[in-house]
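This report refers to the structure that appears directly beneath it.
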Amino acid sequence: MFATKHGAMGNVELLPVRSTERVAVLLNANARSVSDALKRELENFVPPEDLYYSRCFDDARSIARQVLDKGYRTVLTGGGDGTFVGYVNCLFEQARQPSASTARGALKLVPVPANEILMPRFGVLRLGTGNAVAEFAGASGRRLGVVEDILRARSGEVSIARPLHLLLHEGKRAPFAGLGIDAKVLNDYVSLRDRIGPGGLGYFCSVVGKTLPSYMLQRGIPNVEVVNLGGPAQQIGPDGKPIGRDIGTGEVIYRGPCKIAAAGTVPYYGFGFRVFPFALRAPGRFQLRLTAIGVPKILANLRALWRGGPPPSGILDFHCDKVSIRFDREMPLQVGGDAEGYRREVVFGCFPPTASCRCTTMPFDVTDATSSGSWISTCTAVSSGGGSSVWMKMPPRLILVACSRTKSRALRNRTPSVTGRRGKPRWFPSSA
């Protein structure tokens, strides 16, 4: 039975101190949502040694090395899909750095085999523009939701993880990629971002002002040949069920006109757009979507397409684990939400490969932010002005309201005198 303390801190349960799970919070300092206000907020919740900011790829590579050396079991990335993709690739490449071997009496460096790499669990904070992986992981929105996700991860409440396979293109791992109109939108957005600003408005202006006009003036429709390079592929019907026979290795999956050739292992493309509604129905394979329908038909069916509803005629879907896509002209390419210029031919594979590719590497684990072991979260309030630590039990949402504003109504109602202590209360979660 716990003792109850009365007086300066109000009625507060004194709970035994429990250690928190070490969670690395990796943020893109260049992201618009990673503002000074958010940074100040996070300083109240995350120990400084667990909070990392990157401004360039070299920073991300250095941070990845520190994360592996310190043995973090969970990392949270914030800054959008590009930040997630960047850190995943940096962590994997750093984990594969050669280790010393003394085989036959000689000291030599041997790369770590891919199937022996132990990667931490990944969590994704909704701090980007598109947030496709954040949608998949069930991340909370708004600044308070971001803080809540961090608190719940550190307290051990987020105990469920989803396995996530990724696409592999030219050594880069990503949850989605594509050639055509979708990549054209990203390339146009990047070219106009400095003038029109980042975010959803920037995307809208780039689509209306540059992408759509260029496609309406385009002469002829590009032609593509898609060849299966992996295990048996399967065409998917509008209801998500397989149709027809298996497509064997080396066989042509599709040959003909095509404006979009996109692949994904997660349902979302960003902004809640369910481009790949059947991506999770075949673990170890990705969904390939091909279409040659025009912009008017896309706009007419945009509501259903956005929600992942049955696609209209002219959209073909497949489950594959490795394909070659060859166009008759240069096409815009995007990988993981990053514009990658133009390509005529690409190869998309699934990472880690399926059993047919003789690889036993396990997929990445992505924490499910919608899961929780308990509605009640245990946390500790530590006064930066001195004094003893006091442990309190409060609902997670109330904790965050109290954290965001020292004199919030929720905090005054529960602990009327806590705001009267010297210094600003600082909150850290603990294992339940």
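Every number in this text was worked out from the coordinates using simple rules, so none of it is lab data. Source: prediction; values computed, not measured. Every residue, glycine among them, receives a Cβ derived from its backbone with ideal geometry; neighbour counts consider all protein chains shown.
Overview of values
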{"quantity": "Nearby aspartates and glutamates by direct alpha-carbon distance to LYS184 (threshold 19 angstrom, same-chain neighbours under 8 apart not counted)", "calculated": "ASP81, ASP194, ASP328, GLU330, ASP338, GLU340, GLU345"}
{"quantity": "P(r) of segment 19-80 over all Cα-Cα pairs, binned every 5 Å from zero, in whole percent", "calculated": "4, 17, 30, 25, 17, 6, 0"}
{"quantity": "Reach of LYS241 by Cα under 18 Å, taken over aspartates and glutamates that are not fewer than 8 positions away in the same chain", "calculated": "ASP317, ASP321"}
{"quantity": "Projected label distance in nm at CYS56 and ARG329, using a 7 Å step from Cα toward the beta-carbon", "calculated": "3.7 nm"}
{"quantity": "Loop-resident sites, segment 215-284, for trypsin sites (Lys or Arg not before Pro), counting at most 13 other Cβ within 10 Å (DSSP)", "calculated": "ARG219"}
{"quantity": "Two-decimal ratio, segment 223-328, of alpha-carbon radius of gyration to 2.2 N^0.38 Å", "calculated": "1.01"}
{"quantity": "Least to most buried among VAL275, VAL75 (fewest other Cβ within 10 Å first)", "calculated": "VAL275, VAL75"}
